[in-house]
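First up is the structure itself, then whatever we jot down about it.
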């Protein structure tokens, strides 16, 4: 199945709009999976595994685009990004290998608590992420980046939505980067996690290539617009949008938990 038979032109257009918006959100702070993955899960005759895999294909184009835009403009620290991205890629492969075995509902309460804690932490520390003040140096800095990349990479391969937000708060809260620099580095790590999960999904034959490539083009367009806006407006804009995305994630997870029998 290249494209689900029940998906008409109207459905394709809606998926393209979702992919464009997801690319924009991901480029600013992460969380585009809030739109893109649920949109794919609504497609007739598409299995959850196909939706996850096709979502990763579209997202890998968007995160690659925003990564390049941020790198040219912000010049994030590669000593943090490279080890974090490397372990995150491997962890995402591990997470993706469990994606077909464990229901997302198992993790919903844990993720909900984590997101609320992240939001409250950000709200009650208004100076957090305003400027870069690294909390650790040397081996401890790399070890914390490594640990964050491993845990969040596994989560992204397993489920995905909210990965960008978790990466940003780890880079801001644990390591001391400002929100703009954290978002720039998070894009590169998120590209690695998307790629890692995709490397597992491709041999399984779960990727719907034509649909994923078309959505990838829309994701690129959204990513270009979002990264340019974030770079232009700076850390304060990214912080505000970060809180909006986290709030949306909390509402979405809360609704799913309440409506699931």
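Residue check: is residue 186 closer than 18 Å to residue 118 by Cα, out of contact with any strand residue (DSSP E or B) (no Cβ under 9 Å at 6 or more places or on another chain), in contact (Cβ under 8 Å) with a residue 40 or more places away in the chain and surrounded by fewer than 24 Cβ atoms within 10 Å (Cβ to Cβ)?
It is false that residue 186 is closer than 18 Å to residue 118 by Cα, out of contact with any strand residue (DSSP E or B) (no Cβ under 9 Å at 6 or more places or on another chain), in contact (Cβ under 8 Å) with a residue 40 or more places away in the chain and surrounded by fewer than 24 Cβ atoms within 10 Å (Cβ to Cβ).
Please specify each residue of the range 218-261 satisfying the condition of being without any contact (Cβ under 8 Å) to a residue 40 or more places away in the chain and under 21 Å from residue 161 (Cβ atoms).
Passing the criteria: 240, 244, 251, 255, 258, 259.
Do the conditions hold for residue 16, that is, is it surrounded by fewer than 24 Cβ atoms within 10 Å (Cβ to Cβ), touching a residue at least 12 places away in the same chain (Cβ under 8 Å) and within 15 Å of residue 57 (Cβ to Cβ)?
Yes; evaluated as a whole, the condition is true for this residue.
Coordinate-derived values only; no laboratory data. All values reported here derive from a predicted model rather than from experimental measurement. Using ideal geometry, Cβ is built from the backbone for each residue, glycine included, and neighbour counts are taken over all protein chains shown.
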